[in-house]
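Below you'll find the structure, written out as structure tokens, and then a few comments.
The values are calculated or read from the model by the stated rules, or taken from the named source; none is laboratory data. This is a predicted model, so every value here is computed, not measured. Cβ sites come from the backbone with ideal geometry, for glycine too, and all protein chains shown count toward neighbours. The protein model used for the area step is the full one, side chains on, heavy atoms only, and it has no ligands, DNA or RNA in it. Shrake-Rupley method; radii C 1.70, N 1.55, O 1.52, S 1.80 Å.
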Amino acid sequence: MCGIVAYTGFRPALPILMDGLKRLEYKGYDSSGIGLLDSGKMKIFKAPGKIKSLKKKLEKEKLEGFLGICHTRWATHGEPNEANAHPHLSANGKIAIVHNGIIENYAILKKKLLEEGIEFKSETDTEVVAHLIAKFYKGNLSNAVLAALEHVEGAFGLAVICEDEPDVLVGATRGSPLALGVGENESFLTSDVSVIVGHTQKIIYLEDNDVIRVSKEEFEIKNIKNKTVSREIQEVDTDLGHVQKGDFPHFMLKEIFEQPEALRNCIRGRLLLAEGNAKLAGLDNSLKELRTIDRIIIIACGTSYYAAMVGECLIEEWAGIPVEVEYASEFRYRNPIIGSNTLVFTISQSGETADTLAALKEAQNKGATVLAICNVVGSTIARTSDGGVYLHVGPEIGIASTKAFNAQVTVLAMIALLLGRQRRLSSVQGMEIVQAMSSLPALVEETLELSDKILEIAKIYYNHANFLYLGRHYHYPVAMEGALKLKEISYIHAEGYPAAEIKHGPIALIDANMPVVIIAPKDALFDKIVSNAREIKARGGKLIVVTTENCAPLDEFADHIIKTPSVNTSLMPIITSIPLQLLAYHIAVLRGNDVDQPRNLTKSVMVE
């Protein structure tokens, strides 16, 4: 699974497909491939590794077909080699298919097909579907897909073409995103709308169990029961400039430096200074219910999980509501207890995270109202939830999340303010919080000026094998997130801990080769974390401290001090996370790594 683009129309398909593959690169992948009809014949080209390997294969080919499919693969079944790359062909070579997702019963289906004499060329679950479609094909491709899917269990986003129907494209989806781009006498199928916005901004988001038959000028959507259904055409406003690097060497650095504007967009029109409150349109229908809740569960994965941990502190402090933060990948398997006054939030940058989507549905099945916090408009989680809040920070292309993390924390802060004003915050307290939140973009700009200083620190430590990150209260999740950033893009082992826990085991790791990053702003816990820092220094550890002004005790013994501007204590994670993003970025670049596409990772994790 990873990314799909397909085209049928009046233009040569190959340049459109290759451009689509290039735009899909940000998601992370380990092989790629293209299938198209050329002079009525199916042509397939595949290659492991980067898209440039595929492009080299195509250099001497003169392909002029007007129908095609392409795919970037992130290996799930079988190693990332040419045989396992998509597209996959039916045994007769006439039907080609690309697929995102997991076919859970593929082993059973494969056994039956083998018994029928079908020869398999790959280790993938996807090839099973290609053979099934061919088995049921009787002159109508969409009917064959519908018949095949009656036997398929699991998640899929499919794009299928057939030699015998040279201008027909068929797509199907269940638990994996797929959308139709509607152009003038041409159509596009894609798993990621951002890759086709240069061609059309008219989009139809397909829903679970939709099967769509597309030609140049028309389309028809049926559900899995072969009943015609209608879906709304929506206009997307994604700016193509957001998916280009501009003058930056990497998308990640571009997105780190976009954070001031991203936060302005995130809070624009949502903060009410005179009332000391927040207005979140996506929660308007839930305002009455918000007054009665007595427990909140926040479900997320990875970076979003750490943003949720900050949100837990914010909501409990400002609103006095107990909050539990759950890993989405574990939530649905615990038989979670959800009471009548429990509210569930899910957080996902992409809005397509499979674990989070499954947990969302589990919470809904148990009667909970589920509100989503996500970035991608029209994403599956946004459409499946009962309401929610968009980040409005534009596409995030770098696999390691930066601007989305801080926007998620900002949205959680606005939710905490809204809930707090319903319960325990006075208007004066609310106004102070609104003023502090309004100052964040300027303070982030000021913090970004530390980049050159952080680069010099990175030059000292980029060859170290291990790092520890420590923080307390609001900054414990920041430490976790900082360690994750370093792991993701530098491949250095790093762990985040609550600072006080260091003496319960991890302190055994401290020596002169162990850099320790401590987040220690001047707040109520400053003296305590200084004591933790002294414990580390006494054992020879190298101290990199992110702090604020008036940090005199740390000046005495810290090896490196990064001083950020100050803001309301509860909002400081938005500031202190930025030096950690820059440190990870600079270390990864110094190590020669592919910062935007780190190994083994993908932007939208669409398998469980």
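Quick look at the numbers
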read-out	value
The range 52-67 residues that are without any contact (Cβ under 8 Å) to a residue 60 or more places away in the chain and closer than 13 Å to I34 by Cβ, paired with ones that are surrounded by 15 or more Cβ atoms within 10 Å (Cβ to Cβ) and of a type in the set (D, E) (beta carbon under 8 Å, 6 or more apart)	L63/D38; G65/D38
In the range 382-407, the residues that are within 12 Å of the chain's Cα centre (by Cα) and at pLDDT 90 or above	A400, S401, T402, K403, A404, F405
Any hit, the range 180-197, residues being free of Cβ contacts under 8 Å to residues at least 24 places away in the same chain, assigned to a loop (DSSP other than H, G, I, E, B) and either open to solvent by 20 Å² or more (accessible area, probe 1.4 Å) or of a type in the set (D, E, K, R) (or both)	yes
Filter result for the condition that a residue is modelled with pLDDT under 90 and either part of a strand (DSSP E or B) or among the charged types (D, E, K, R) (or both), over K46, K57	K57
First in the range 76-96 and over 19 Å from I161 (Cα atoms) and touching a residue at least 60 places away in the same chain (Cβ under 8 Å), second anywhere and in a loop (DSSP other than H, G, I, E, B) and open to solvent by 10 Å² or more (accessible area, probe 1.4 Å), Cβ under 7 Å, 6 or more apart	T76/I102; T76/V607
Some residue of the range 203-222 being more than 30 Å from I133 (Cβ to Cβ), modelled with pLDDT under 95, open to solvent by less than 50 Å² (accessible area, probe 1.4 Å) and in a loop (DSSP other than H, G, I, E, B)	no
Segments classed as strands (runs of 3 or more DSSP E), wholly inside the range 443-533, with at least 3 members that are open to solvent by 10 Å² or more (accessible area, probe 1.4 Å) and out of contact with any Ser or Thr (no Cβ under 8 Å at 6 or more places or on another chain)	493-498
Residue ID - most open to solvent (accessible area, probe 1.4 Å), chosen from residues in the range 584-600 that are outside any helix (DSSP H, G or I) and not polar (S, T, N, Q)	R599
Those residues of the range 87-108 which are in a loop (DSSP other than H, G, I, E, B), open to solvent by less than 40 Å² (accessible area, probe 1.4 Å) and closer than 16 Å to A144 by Cα, in sequence order	S90, G93
Residue, farthest from L189 (Cα to Cα), within the range 1-54, restricted to residues that are among the polar types (S, T, N, Q) and open to solvent by 30 Å² or more (accessible area, probe 1.4 Å)	S53
Top-ranked residue in the range 358-368 [being open to solvent by 10 Å² or more (accessible area, probe 1.4 Å) and either of a type in the set (S, T, N, Q) or part of a helix (DSSP H, G or I) (or both); ranked as nearest to E396 (Cα to Cα)]	A358
Meets criteria (aliphatic (A, V, I, L, M), in contact with a helix residue (DSSP H, G or I) (Cβ under 9 Å, 6 or more places away or on another chain), assigned to a loop (DSSP other than H, G, I, E, B) and closer than 30 Å to K563 by Cα) for I397	yes
Some residue of the range 60-81 being open to solvent by 20 Å² or more (accessible area, probe 1.4 Å), under 30 Å from D594 (Cα atoms), modelled with pLDDT under 90 and of a type in the set (K, R)	yes
Selected residue (criterion: modelled with the highest pLDDT) from residues of the range 534-563 that are open to solvent by 50 Å² or more (accessible area, probe 1.4 Å) and in contact with a strand residue (DSSP E or B) (Cβ under 8 Å, 6 or more places away or on another chain)	K563
Lone qualifier among A148, A179 - being over 23 Å from T384 (Cα atoms) and touching a Leu at 6+ places or on another chain (Cβ under 7 Å)	A148
Residue selected from the range 110-162 under the condition part of a loop (DSSP other than H, G, I, E, B) and open to solvent by less than 30 Å² (accessible area, probe 1.4 Å), by the criterion nearest to G175 (Cα to Cα)	A155
Segments classed as helices (runs of 4 or more DSSP H), wholly inside the range 270-356, with at least 2 members that are among the charged types (D, E, K, R)	287-290, 302-319
Meets criteria (crowded, with 20+ Cβ neighbours inside 10 Å, modelled with pLDDT under 95 and out of contact with any His (no Cβ under 7 Å at 6 or more places or on another chain)) for Q581	no
Verdict on F405 being buried (at least 24 other Cβ atoms within 10 Å of the Cβ), aromatic (F, W, Y), in contact (Cβ under 8 Å) with a residue 12 or more places away in the chain and part of a helix (DSSP H, G or I)	yes
